[in-house]
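Data first, discussion second: the structure below is written as structure tokens.
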Amino acid sequence: MTRLQRLLLALILFGVARPAYGIPAFARKYGLKCTACHEAWPLLNVVGRAFRDNGYRFNNGKDDAITTDPSYWPIFAWVEENYQYQYSKSERHTVTNVGEVGPGFVILGAMTSLSQHISFNIRPVVGFGSGGLFFDAAWLRYNRLFDTDALNLRLGQLDFDLPITTAGERDFTTVLPGNLRSLSYTVPGSRGLDLLANPTGVEVSGHDRGSTNRYSLMVYDNNGIGSGSHQLFNTPSVYGHVSHLFQIPAGFVRDVELGAFGTYATVAVGPDSAALKPQRRYGGTFDTWLASDALPLHLEAIAFQGRDDKALIAGATHDALYDGGDIQIDYVPALPFELFARYNLIRNVTQAVPGRTGSFADQDIYLFGIQHTVEFTSRFEWGWQVYYALERDRLQAPDGTNLTQHFIWAGLLLAF
Amino acid sequence: MGRISRSTSYGQGCSLRSDVLFAATVGFALMAFTPPRDEHAGDPGRGKAVYERFCTQCHGVYGNGAGEVAPFANPRPRDFRQGLFKFRSTPFGSLPTVTDLDRTISNGLYGTVMPPFYALNPRARLDVIAYIQTFSPRWRNEQPGQPITVPAEPASTQGTLASGRTLFANACSSCHGDGSGNGPLAKSLVDAWGNPDQPADLTRRHIKTGVEGRDIYLRIMTGLNGTPMPGFSGSLSPEQAWDIVHYVESLRGHPPGMDSIGMSAAPSATATSTRADVTIEMVGDASGYRFVPNSVTIRVGQTVRFVNKIGGPHNITFWPDSIPGGAQRPLQAGMQNTSGPLTGPLLINAGDATTVSFVGVAPGTYKFYCMPHLALGMRGQIIVQ
């Protein structure tokens, strides 16, 4: 394995990956097990989502700092270590064949609501491999602006209010390399626009009781992706998400949620970074929970279209246009276990660079996994997860042929 | 959405649009063709899974209120096995309605570790209620009580506030004191499970079940089963209850400093007494809470008079499952001013009394207790020959 390959692997498996665990500090604060808020740690259920939308509050008179046990501290820790194996090949030869103990991480974060109006989250991450330190999230939230749930203000380094299974804090599988999700797809030669990353921004959000109707509107800085300037909001961008939950009164289908999301991001280009060129992602989501409220079969479908301005792509004569989406199934047959599977696809509609085959960089990813939370109490939880992913990238091998990649990931996770 | 017009070497022409359409079609087909069920009944089988996910950490796997968090919770989580539920719309001593339980689950209990679960699908809440009902045999042997009607709230005036203050002093201050829960009995109170049960601080804005006058009205009239807080539906008129509500609302944020309230010497308007064959005194003093005597023997057709001697409020409730078969109806008919099934009126003041007639009942042993002081061992029995 060459140094370049190791570096690429580290970037994929750690640099792009992000933590996605439950917050045992909340369990300690409220005396609840993780299962009260998570379908399966850390995918949120309806109770957890309502709690989140309320600014990490139940509004039951036990939320504020003054009403909690003085010995309680809103500190939590996540520790993760894993083994990864990657095998990739073109149509002619092997490209990568690597297996090693992956660079895990540790997080010592703080997250809670202090009063009816103030909540916060600080999440520094230290990588085992690199020893590097960065902030995965750091924000302050003002809850119930004008005393209504319809207006909440959040600012800092934020996560996008994404479709359910893709949201950073909701999906265990976001510890996967980001490029295993269609929402993280990067048009070859263009700038990345990773909706699974947490940009700096300001969010206005709102919801009704039970979060059956909810919205999020966020203005953020798309800076840092190739821009020459690092002034705040020199690349202003907007993101929005609305959704409605139908609680079905009878039958096999328990709940259905429909949503729409989109972003218009800008990237500074040109010698003096003066020109702003857009990247767009617009789409819809369909979620349904079947058979059971406690142990549901959760199906989510996401479909979206991406467009990158031709100025962002070397040699482009047209805007790059592609369709993307995924279908994910999360199933909890019994509380400690979760089975999950996902199919992602990318289909390029318009190639930006002349001469490229229409299907150039099309992508299909199949993923299957199992998670077992070995212990989950109102104090801590730990478990393991194994998944296998098969990725096929059209004409993306170094020799110009189709690239087929196999990933195996096995990890241990402890959250306290 | 853009057009996908070409196939790939490995994608077999898989279209994003067709994937989404397929998922949506499957979802809505399932919605459309699944036959409807009677969802008001709740399914205890599904409810068990809901319970295990959301409830066991406090209420325990077996519904005994002994989950892992219980030792740290104040008040302690409910033990479902006795079928005693504090927050109801039904009379003191009776079972709550499904709507009552759903309200508690949806809204949670303010200031306790019971969070709100309003975000859950209503079907899930009905399912878990059905499962909770499997923990106590009461649900198989009894029907929920008839909900108490809350009349329209009258206007609050100086006169009603003064009336409420007097009624509060007579009926409530022994536990609630000046409203802040500092009554003379406050530190000695325990609930039916033997846990210390501090009276509510009514000077705070929020009681456990809400902030509205209606919430306070129901707590006054229905009481809190399993606690020393009795229901006053048999001893207060709706007007009197509203007077107390208005007075309690006036306490919020303004402790009135009722330092030296004496108990009213006036007898309760609802307590009555008749000539009886046997008299049992109801006593609460430094020696404990008890019936004196706590066991008597009578003949069919005789009457027993219960007198509040000291340490009230007291009442008498017969265990429905420890009286002879078929005796419930004639015994209920023989009780005065009942506030629930086999539940006599609350005797607030010393000297208040109620009489139970044993005409037409079957011979056997009739066990009874004082609801406010059950946990303190205030029980007795009447042997009918």
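The values are calculated or read from the model by the stated rules, or taken from the named source; none is laboratory data. The model shown is predicted, which means the values in this text are computed figures rather than measured ones. Backbone-built Cβ (ideal geometry, glycine too); neighbour counts: all protein chains shown. Note: accessible area is taken over every heavy atom of the protein model, side chains too, but ligands, DNA and RNA are not part of it. Shrake-Rupley method; radii C 1.70, N 1.55, O 1.52, S 1.80 Å.
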Distance between modelled label sites at B:N294 and A:F246, nm, 7 Å Cα→Cβ extension: 6.1
Label point distance in nm, A:I118-A:R92, each placed 7 Å from Cα along Cα→Cβ: 6.4
The stretch A:3-415 - accessible surface per residue (Å², probe 1.4 Å): 35
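Based on the Cβ-Cβ distance of A:W73 and B:T157, what FRET efficiency does E = 1/(1 + (r/R0)^6) give at R0 = 30 Å, to the nearest 0.05?
0.05
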Length gained when the stretch A:L145-A:V202 is fully extended (0.36 nm per residue, less Cα-Cα span): 19.1 nm
Reduction of at least 50 Å² in accessible surface, 1.4 Å probe, comparing all protein chains with the chain by itself, residues of the stretch A:281-305: A:F286, A:D293, A:A294
Surrounding net charge for B:N337, when Lys and Arg each add one and Asp and Glu each subtract one, Cβ distance under 15 Å: 0
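Calculate, in nm to one decimal, what A:E81 and A:A65 gain on full extension: separation in residues at 0.36 nm each, minus their alpha carbon distance. Each step should come with its number before you reach the end.
On the way: separation 16, 0.36 × 16 = 5.76 nm, distance 3.31 nm.
Value of the extension gain: 2.4 nm.
Rounded to a whole number, what % of the accessible area of the stretch A:3-415 do carbon and sulfur atoms account for, probe 1.4 Å?
Numbers: 9410 of 14560 Å².
After summing per-atom areas, the C and S share lands at 65 percent.
Let me check I've understood the local charge: for B:W242, count other residues with C-beta under 12 angstrom from its C-beta, Lys and Arg +1, Asp and Glu -1. What total comes out?
Working: positive: B:R214; negative: B:E153, B:E239, B:D243, B:E249.
It works out to a net charge of -3.
Rounded to the nearest 500, what is the 222 nm mean residue ellipticity of chain A from helices alone, with -39500 (n - 2.57) per DSSP H run of 4+ residues and division by all residues? Walk me through the numbers before you get to the answer.
Working: 3 runs with 23 residues, N = 416.
Theoretical 222 nm ellipticity from helices: -1500 deg cm²/dmol.
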Isotropic mean projected area of the C-alpha convex hull, the stretch A:175-334 (nm²): 10.9
Cα coordinate range in the stretch B:102-213, projected on the principal axes (Å, largest first): 46, 36, 29
Projected label distance in nm at B:A66 and B:D201, using a 7 Å step from Cα toward the beta-carbon: 3.2
Farthest positive-ward along the protein assembly as shown dipole, Cα basis, beta-carbon charges - from B:H246, A:V106, A:G325: B:H246
Listing of the stretch A:56-90 residues, each with accessible area lower by at least 40 Å² in the full protein assembly than in the chain alone (probe 1.4 Å): A:F58, A:N60, A:K62
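Can you give the Rg to Rh ratio of the stretch A:273-416, both from alpha-carbon atoms, with Rh computed by the Kirkwood formula? Walk me through the intermediate numbers first.
Details: Rg = 19.7 Å, Rh = 18.0 Å.
The Rg/Rh ratio comes out at 1.09.
In Å², what does the accessible area per residue of the stretch B:53-205 work out to with a 1.4 Å probe?
Numbers: 6400 Å² over 153 residues.
So the stretch B:53-205 comes to 42 Å² accessible per residue, rounded to a whole number.
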Translational diffusion of the stretch A:39-175, µm² s⁻¹ [Kirkwood Rh, Cα pairs; Stokes-Einstein; 20 °C; 1.002 mPa s]: 123
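Expressed as a whole percentage, what fraction of the accessible surface of the stretch B:102-237 belongs to carbon and sulfur atoms when a 1.4 Å probe is rolled over the protein heavy atoms? Provide the component values of the computation, followed by the final result.
Values: 2960 of 5570 Å².
Roughly 53 percent of what the probe reaches on the stretch B:102-237 is carbon or sulfur.
Report, to one decimal in Å, the Kirkwood hydrodynamic radius for the stretch B:157-247 based on all distinct Cα pairs. Can you show the working numbers first?
Values: mean 1/r = 0.0752 Å⁻¹.
By the Kirkwood definition, the hydrodynamic radius is 13.3 Å.
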Lysines with Cα under 24 Å of B:K48, excluding same-chain neighbours fewer than 8 positions away: A:K33, B:K86
Size of the A/B contact, given as accessible area buried on both chains, probe 1.4 Å, in Å²: 4800
Residue with peak Gaussian network fluctuation, chain A [Cα springs, cutoff 10 Å], from A:T357, A:T235, A:T373: A:T357
Dipole of the stretch B:292-385, positive direction: furthest Cα of B:G312, B:G344, B:Q381, with charges on the beta-carbon: B:Q381
Under the Debye formula (equal points on every Cα, no solvent term), log10 I(q)/I(0) of the stretch A:299-357 at q = 0.13 Å⁻¹: -0.50
Along each principal axis, Cα extent of the protein assembly as shown, largest first, Å: 109, 51, 44
Partners for A:K310 among lysines (Cα-Cα distance below 19 Å; same-chain residues under 8 apart left out): A:K277
Separation of alpha-carbon centers, the stretch B:140-212 and the stretch A:334-355, rounded to whole Å: 59
Cα Rg, Dmax (largest Cα-Cα span) when computed across the stretch A:315-393, Å: 19.0, 58
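Stick to the Cα atoms of the stretch A:3-415, pair each with every other, and give me the Kirkwood hydrodynamic radius in Å at one decimal.
The answer is 22.1 Å.
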